[in-house]
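Data block below; observations after.
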Amino acid sequence: MPKKSVPLFHIQQHCFDNGVANFKAGSFSEESCTIVEFEENHRHEYYEIIWLKNGVGHHHIDLLPHHYSGSVLFLLAPGQIHRIEQTIPSEGYIVKFLPSVFKMEKEFNEYIMDGCLFDNTLTSPVITVPEHLNSVLESLFLNLIQEFRQLEPDAENIVSSYLKILITHIHRIQRKLTSSGNAIGNPRYELFRKFKVAIESQYKQRHSVQHYADVLSTQPRSLNSVSREFAGKSAGEVIHERILLEAKRSLYHETKSVKEISFELGFEDPAYFTRFFKKHEGIAPQYFKEQKTLEITA
């Protein structure tokens, strides 16, 4: 049977279109805005915040199932493969946005990159919402949706402001759940954050700790130290984890060969990529690809 590719959705699809090209929002009662979250594995080009106010189920993110129950938030970065499987149907809201919703790169870094808020390799993708904050989130999401639908010339500015307030509240919740949240502003955490940002932009070309140490004007031992402090693993393991995540995504949804994927990920020798993958995952990439193909063939 031919392999189905995992669809990539664009922000202009599905939700109500008010002319704002970099932001969409809606409730779970608007089937057109949320139905794709439940139908099949998919990816999107934008960031996504999903608040499930209730219900029970599993959210499959990057091939792993995450159980949820009650009021939970999910933060998804561009490119992540995911699908929500409901046991008990949920009510809730969804917000989709591109980096350009922030007027300056500094704002995007402050609200998205600095706290690694959408980095599921550092924090759980499931954020349990304390009961006393449900009313706060309800108000914020409703304000966002109402303003999004205003069709006013300055709606984008107000939407951006509400989004920053929403993200700030989510940061607060996450800080109480993770030790790394308390480290924001710490110079050591700042080094680790810059390391993660550098990996994200260069992991397909550069795999060595020494390279990132040179880029950040530090020593490999310093990157190892901050990585162990904030991620519980060595700097090399942090790099390898990102490469492996992309490898599994590509093997899962691409029709490209293992050889092509290995070259795209910066491996000059496909045999070395195969050894690398098998060392960390316990199976050869071709076998992983064949297993996943069986799961998504019609």
Residue that is modelled with the lowest pLDDT [pool: residues in the stretch 275-290 that are surrounded by fewer than 18 Cβ atoms within 10 Å (Cβ to Cβ) and assigned to a helix (DSSP H, G or I)]: 290
Some residue of the stretch 215-230 being closer than 25 Å to residue 63 by Cβ and surrounded by 14 or more Cβ atoms within 10 Å (Cβ to Cβ): yes
Yes/no for residue 201 being over 18 Å from the mean Cα position of the chain (by Cα), at pLDDT below 95 and among the small types (Gly, Ala, Ser): no
Residue in the stretch 41-51 that is in a loop (DSSP other than H, G, I, E, B), at pLDDT below 90 and over 14 Å from the mean Cα position of the chain (by Cα) present: yes
The listed residue being β-branched (Val, Ile, Thr) and modelled with pLDDT of 95 or more, out of 297, 255, 293, 218: 218
Those residues of the stretch 239-250 which are touching a Ser or Thr at 6+ places or on another chain (Cβ under 9 Å) and at pLDDT below 95, in sequence order: 241, 242, 245, 247
The stretch 121-172, subset among the hydroxyl-bearing types (Ser, Thr, Tyr) and part of a loop (DSSP other than H, G, I, E, B), residue modelled with the highest pLDDT: 124
Residue within the stretch 164-186 that is touching a residue at least 40 places away in the same chain (Cβ under 8 Å), crowded, with 16+ Cβ neighbours inside 10 Å and closer than 23 Å to residue 273 by Cβ present: no
Residue 226 vs. criteria touching a residue at least 24 places away in the same chain (Cβ under 8 Å), farther than 20 Å from residue 124 by Cα and not assigned by TED's automatic domain parsing to the domain that holds residue 124: no
Search result, residues across the stretch 233-273 that are over 24 Å from residue 219 (Cα atoms), part of a helix (DSSP H, G or I), charged (D, E, K, R) and in contact with a helix residue (DSSP H, G or I) (Cβ under 8 Å, 6 or more places away or on another chain): 248, 259, 264
Count - residues of the stretch 247-287 that are within 19 Å of residue 42 (Cα to Cα) and in contact (Cβ under 8 Å) with a residue 40 or more places away in the chain: 7
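The values are calculated or read from the model by the stated rules, or taken from the named source; none is laboratory data. Predicted model only: the values in this text are computed from it and were never measured. In this analysis, Cβ positions are derived from the backbone assuming ideal geometry, glycine residues included, and neighbour counts consider all displayed protein chains.
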